[in-house]
Amino acid sequence: MNRNILQIGFGNFGPTHLAAWRSLGLAEGLYVIDPDAAARQRCRDLGVPEDHVGGAVTEFLEQADLVVVLAPTDRHFEVCRPLLASGKNLFIEKPMTATLAEAEALRDLCRDQVVQVGFYFRAHPLAQIVKQEVDDGRLGDLRYISARFHGYKRARGDSGVVGNDAVHFIDQSNWMMGALPLSVDAVTRDHFGRGYDDLALIRLFYPTGAMAHIEVGCIQPGRWNDNIVPGSTQTKEFVVSGSEGAAEIDYQSHQLRLHRVRHELADGLWRPNNRGVEMPHVPVAEPYQVVAAEFSAFLNALDSETPPLAGIEECGVGMARILDAIYRSSSQEKRVSL
Ligand SMILES: NC(=O)c1ccc[n+]([C@@H]2O[C@H](COP(=O)([O-])OP(=O)(O)OC[C@H]3O[C@@H](n4cnc5c(N)ncnc54)[C@H](O)[C@@H]3O)[C@@H](O)[C@H]2O)c1
């Protein structure tokens, strides 16, 4: 089906979105706006026709069947509010908003339009295998998630590492656990004194008693070259441990290890009964292919009753509530409820 798509913002992540629409055969209906002339030029240089590139949302809004918001995070609210008020279907890059009040205000504007938040890793093939393992019970009862997302890269001007990076693995954690956490214990640091965190240690406590620990930062090394931010290094590891085994994802080296292990009590000692490690071969997905998978889920949600991959209540408002709790916990130096 032909669709008119309006992409708002064409910064660093813009070309990946463009490549995703192209891979889906939908780039002919793509219109891009960016207030920055250099960004518009980059967009034309990548082959988007002159009359599909503009500087103001109003130029292409009326004809847009759906809108993708790729502006800086601290601009999302002002960009999205009029779009939702006029009934547009939105794909909003993560995090949906900079504050909880903004997230709730956007949610309250929704009627029957579809809103999906850009939680990239939900569409990643490695994560999808692990989610299936969890849902099929092959890891048993989930006990602990440990995740690390850090490395030297530019400190963004629109959010800290919590809003930019931790959100990915907080969301991934909630998705695996099938619930939002009840409480949070966190420490954040702002070594550069710019009003945004550059290091955070976060613990999330889930209704089942399971726990997650997430370390993020741009002041400590990463092990691999990053495939999304050129010139930066990253460690992106996500480990889910349950009563029947564990799944270890290394997103940067594209490896998945499935440990089939259960602790058993014998002669008064708990010992691991290790039934081996599986390393399934999973074809590498380029970032544009993962984004294309997110877009496919969004289009499915538009065409049918399928819920979006990352909906506004859980992934917009729920996530904003968690981020709010993280900052309260850090400033009060104690565990806080959501
Ligand atoms: N899902 C992911 O893995 C992922 C990866 C990268 C970025 N992101 C998210 O995507 C968003 C954009 O990231 P980026 O790295 O491309 O940012 P960026 O700062 O490189 O680019 C943002 C672009 O938006 C434009 N812009 C500024 N104000 C605007 C406005 N009011 N309306 C329209 N455009 C405006 C800027 O001129 C710039 O070209 C952020 O929210 C970020 O968190 C998500």
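One table, with the values for the structure above:
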read-out	value
Sequence of MET211, MET96 once ranked by neighbouring C-beta atoms within 10 Å, starting from the fewest	MET211, MET96
MRE, 222 nm, helices only [DSSP H, n ≥ 4, -39500 (n - 2.57), over the chain, to nearest 500]	-8500 deg cm²/dmol
Rel. contact order, % - alpha carbon contacts under 8 angstrom, at least six apart, the stretch 1-149	20
Dipole of the stretch 1-142, positive end: most advanced residue of PRO49, VAL130, LEU83 [Cβ charges, Cα centre]	VAL130
Alpha-carbon centroids, the stretch 1-48 and the stretch 271-338: separation in whole Å	25
Candidate lysines - alpha carbon under 17 Å from LYS153, same-chain residues fewer than 8 apart omitted	LYS236
By average C-beta atoms within 10 angstrom, highest first, the peptides 314-324, 154-164	314-324, 154-164
Relative contact order of the chain, defined on C-alpha pairs under 8 angstrom at six or more residues apart (%)	19
Residue order, fewest to most surrounding Cβ atoms within 10 angstrom, among TYR288, TYR144, TYR120	TYR144, TYR288, TYR120
Ranking of VAL79, VAL229, VAL115 by count of other Cβ atoms within 10 Å, fewest first	VAL229, VAL79, VAL115
The stretch 44-143: C-alpha gyration tensor shape, a/c 1.5 cut-off, then a/b vs b/c	prolate
Dipole in debye (nearest 20) - the chain, about Cα centre, beta carbon charges: Lys, Arg +1; Asp, Glu -1	800
37 °C / 0.692 mPa s Stokes-Einstein diffusion coefficient of the chain, Kirkwood radius on C-alpha pairs, µm²/s	157
Antiparallel %, DSSP beta bridges [both residues in the chain], to 5	65
Electrostatic dipole magnitude of the stretch 185-338 [Cβ: Lys, Arg +1; Asp, Glu -1; Cα centre; debye, to 20]	500
Relative contact order (percent, whole number), the stretch 138-214, Cα cutoff 8 Å, 6+ residue spacing	37
Centre separation in Å (Cα based) which lies between the stretch 185-219 and the stretch 54-108	27
Solution diffusion estimate, µm²/s, Stokes-Einstein, the stretch 131-236, Kirkwood Rh from C-alpha pairs, 4 °C, viscosity 1.567 mPa s	89
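No value in this document is a laboratory result; all are computed from the given coordinates. Everything numeric in this text was worked out from a predicted model, so none of it was measured. Glycine also receives a Cβ, built like all others from the backbone with ideal geometry; neighbour counts cover every protein chain displayed.
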